[in-house]
Every structure is written in structure tokens, then in C-alpha cells.
Amino acid sequence: QVQLVESGGGLVQPGGSLRLSCAASGFTFSRYAMSWYRQAPGKERELVARITSVGRTNYVDSVKGRFTISRDNAKNTVYLQMNSLKPEDTAVYYCKAEGFGYDYWGQGTQVTVSS
């Protein structure tokens, strides 16, 4: 069955970095667009970054220049490199696979930016 497993979250100080990973299985990863979303307490889930099956990327304005999404189709994994983290980046981060009329979600990983 389809599985998306996020990892790499944790507690980091402002200005620090984290790299999130999302390992996928159960579908043809290379043919799906992959996204990272986040949801902070009391807020709606928002799209952070997206990468298409051919590698085109887009980002929410608040993370441009700080976050980088990438994918390794050989490893069925999508990454989110997060630099210059701010307290407002604190949220649960989810990866999503989309394609062919289907959306698949991971269980999320907590990122907390605090001194």
C-alpha cells in the first residue's frame, strides 16, 4: 500500500537548519508531483513547496530563499532543506504526493524553532 514517511523534524534554534525527508513507497514515485505542507497550531494547513515530476519547483513567499525542495527518484524520497529558520516556521510538516487524481499524505513531522 501507499506509504509516505517523514523524518528529520526536531527542535532547532532560530537561524538554524533542518533537512526533512519523505520516503515514499507503493506507487510510481517519479511520476508524481511532491509537496511539503505545514500546519501551525490554530492555523490552516498551507503549501510550503512543490516539485513536479520533471523538477519544476515553487515556494510560498515566506520561505523563498531559505527553503529548497528536491527529489531523488532513485531513492523514492523528497527532501526539504530549511535554512535560516524562524520561530514562525514552527509547525507540523507533511509531505504529499499528487497525481492521476490521487492525493497521498504522510503522518507529519514536528518542527519547532525556539531559543
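The values are calculated or read from the model by the stated rules, or taken from the named source; none is laboratory data. Remember, it's a predicted structure, so these values are computed and weren't measured experimentally. All Cβ positions, even for glycine, are placed from backbone atoms using ideal geometry, and neighbour counts span all protein chains on display. Surface accessibility is based on the protein's heavy atoms, side chains included, excluding ligands, DNA and RNA. Shrake-Rupley method; radii C 1.70, N 1.55, O 1.52, S 1.80 Å.
Remark on Thr90: its backbone amide H falls under 5 Å from those of Val113, a criterion applied only to residues 5 or more positions apart or on other chains, H modelled at 1.01 Å from N.
For region 1-87, which whole percent of the accessible surface, found with a 1.4 angstrom probe, sits on carbon and sulfur atoms? Answer for region 1-87: carbon and sulfur cover 45 percent of the accessible area. With K and R counted +1 and D and E -1, the other residues having a Cβ less than 14 Å from that of Ala49 yield a net charge of +4.
Is any residue of region 92-112 close enough, with backbone N under 15 Å, to a label point placed 7 angstrom from the Cα of Thr52 along the Cα-Cβ axis, and if so, which? The answer is 98-100. The label-point distance for Asp72 and Ser7, in a model that sets each label 7 Å from Cα toward Cβ, rounds to 1.1 nm. Put simply, the amide H of Phe67, placed in the peptide plane, has neighbours under 5 Å in Asn83, leaving out anything fewer than 5 places away on its chain. In plain terms, the chain from Glu98 to Gln81 could stretch by 4.1 nm, reckoned as 0.36 nm per residue minus the Cα-Cα distance. Remark: the chain carries 52 Å² of accessible area per residue (probe radius 1.4 Å; ligands, DNA and RNA excluded). For region 38-47, putting each phi into the Karplus relation 6.51 cos²θ - 1.76 cosθ + 1.60 with θ = phi - 60° gives couplings of 9, 9, 8, x, x, 10, 6, 5, 10, 6 Hz, in residue order, rounded to whole numbers and with x for Gly and Pro. Charge dipole (Cα centre; +1 on Lys/Arg Cβ, -1 on Asp/Glu Cβ; no other charges) of region 41-103 amounts to roughly 180 debye. For Lys75, which lysines qualify as cross-link partners when the Cα separation must be under 21 Å and same-chain residues fewer than eight apart are set aside? Filter leaves Lys96. Note that region 85-100 has calculated 3J(HN,Hα) couplings of 5, 10, x, 6, 7, 4, 4, 8, 9, 10, 9, 9, 10, 9, x, 6 Hz, one per residue in order, obtained from phi through the Karplus relation 6.51 cos²θ - 1.76 cosθ + 1.60 (θ = phi - 60°); glycine and proline are x.
Each Lys and Arg contributes +1 and each Asp and Glu -1, all at the Cβ; summed about the Cα centre of the chain, the dipole is approximately 220 debye.
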